[in-house]
1. Could you say which residue among 85, 143, 133, 139 is surrounded by fewer than 16 Cβ atoms within 10 Å (Cβ to Cβ), out of contact with any strand residue (DSSP E or B) (no Cβ under 7 Å at 6 or more places or on another chain) and either at pLDDT below 90 or part of a helix (DSSP H, G or I) (or both)?
2. Within segment 5-29, track down each residue that is within 23 Å of residue 139 (Cα to Cα) and modelled with pLDDT under 50.
3. Taking segment 113-130 as the search range and keeping residues that are in a helix (DSSP H, G or I), surrounded by fewer than 21 Cβ atoms within 10 Å (Cβ to Cβ) and in contact with a helix residue (DSSP H, G or I) (Cβ under 8 Å, 6 or more places away or on another chain), which one is modelled with the lowest pLDDT?
4. Considering only segment 28-68, how many residues are assigned to a helix (DSSP H, G or I) and under 17 Å from residue 151 (Cβ atoms)?
5. Name every residue in segment 54-85 that is touching a helix residue (DSSP H, G or I) at 6+ places or on another chain (Cβ under 6 Å) and over 17 Å from residue 22 (Cβ atoms), in order of residue number.
6. Do we find a residue being exposed (fewer than 15 other Cβ atoms within 10 Å of the Cβ) and touching a residue at least 24 places away in the same chain (Cβ under 8 Å) anywhere in segment 53-66?
7. Give me the pairs: first residue in segment 143-154 and in contact (Cβ under 8 Å) with a residue 60 or more places away in the chain, second residue loosely packed, with under 15 Cβ neighbours inside 10 Å and assigned to a helix (DSSP H, G or I), beta-carbon distance under 8 Å, and six or more apart or on different chains, which are they?
8. Name every residue in segment 92-110 that is outside any helix (DSSP H, G or I), surrounded by fewer than 15 Cβ atoms within 10 Å (Cβ to Cβ) and at pLDDT 90 or above, in order of residue number.
């Protein structure tokens, strides 16, 4: 852990867990990298799956960093983002929540063919859906990293993060 990872601990507030944050955010970055490679290879359903996984890990990085493990249960990205708002002060515009809603809807359908009405995964997930999933995952990763940097600076008001 570097000196820049040492948060200033506000009086009366719990310490931030940099190790937990980095463990989860690094996984998010790895999943996002895999998603990009899968897009390049034309494996769009798998890219969507990995993008969704990246967004989950990005949000869970913040929750684990503040000791809110109970809030990390589940896979609903909107619920995780709301938990981040409640527990960590994450502020997202409605357009980002819309992106998370769309990405969250792929949790089962990008993994299991029986979650779809028929056909195969590639019938439902193509270049457009994988591009949208990557954009949402990238924005979520950026938001988590931005809030983490802000948390390390101290307890000022958290600025709103950009759109998905």
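1. Numbers: 143 fails: surrounded by fewer than 16 Cβ atoms within 10 Å (Cβ to Cβ); 133 fails: surrounded by fewer than 16 Cβ atoms within 10 Å (Cβ to Cβ); 139 fails: surrounded by fewer than 16 Cβ atoms within 10 Å (Cβ to Cβ).
Only one candidate qualifies: 85.
2. Filtering segment 5-29 down to residues within 23 Å of residue 139 (Cα to Cα) leaves 5, 16-29.
5 - this is the single residue of segment 5-29 that is within 23 Å of residue 139 (Cα to Cα) and modelled with pLDDT under 50.
3. 113
4. First pass over segment 28-68, keeping only residues assigned to a helix (DSSP H, G or I): 28-40, 44-65.
Narrowing the set further to residues that are under 17 Å from residue 151 (Cβ atoms) leaves 28, 58-65.
Count: 9.
5. Kept after step one, since they are touching a helix residue (DSSP H, G or I) at 6+ places or on another chain (Cβ under 6 Å), are these residues of segment 54-85: 54-55, 57-66, 68, 71-72, 75-78, 80-81, 83-84.
Residues satisfying the conditions are 55, 71, 75, 76, 77, 78, 80, 81, 83.
6. Start the filter on segment 53-66 by keeping residues that are exposed (fewer than 15 other Cβ atoms within 10 Å of the Cβ), which leaves none.
No, every residue in segment 53-66 fails to be exposed (fewer than 15 other Cβ atoms within 10 Å of the Cβ) and touching a residue at least 24 places away in the same chain (Cβ under 8 Å).
7. 152/4; 152/5
8. Let us first name the residues in segment 92-110 that are outside any helix (DSSP H, G or I), namely 92-93, 105, 110.
From what is left, the residues that are surrounded by fewer than 15 Cβ atoms within 10 Å (Cβ to Cβ) are 93, 105.
If the condition is that a residue be outside any helix (DSSP H, G or I), surrounded by fewer than 15 Cβ atoms within 10 Å (Cβ to Cβ) and at pLDDT 90 or above, then 105 is the only one that fits.
The values are calculated or read from the model by the stated rules, or taken from the named source; none is laboratory data. The structure displayed is predicted, hence computed values, not measured ones. Quick reminder, even Gly has a Cβ in these numbers, built from the backbone with ideal geometry, and neighbours come from all protein chains shown.
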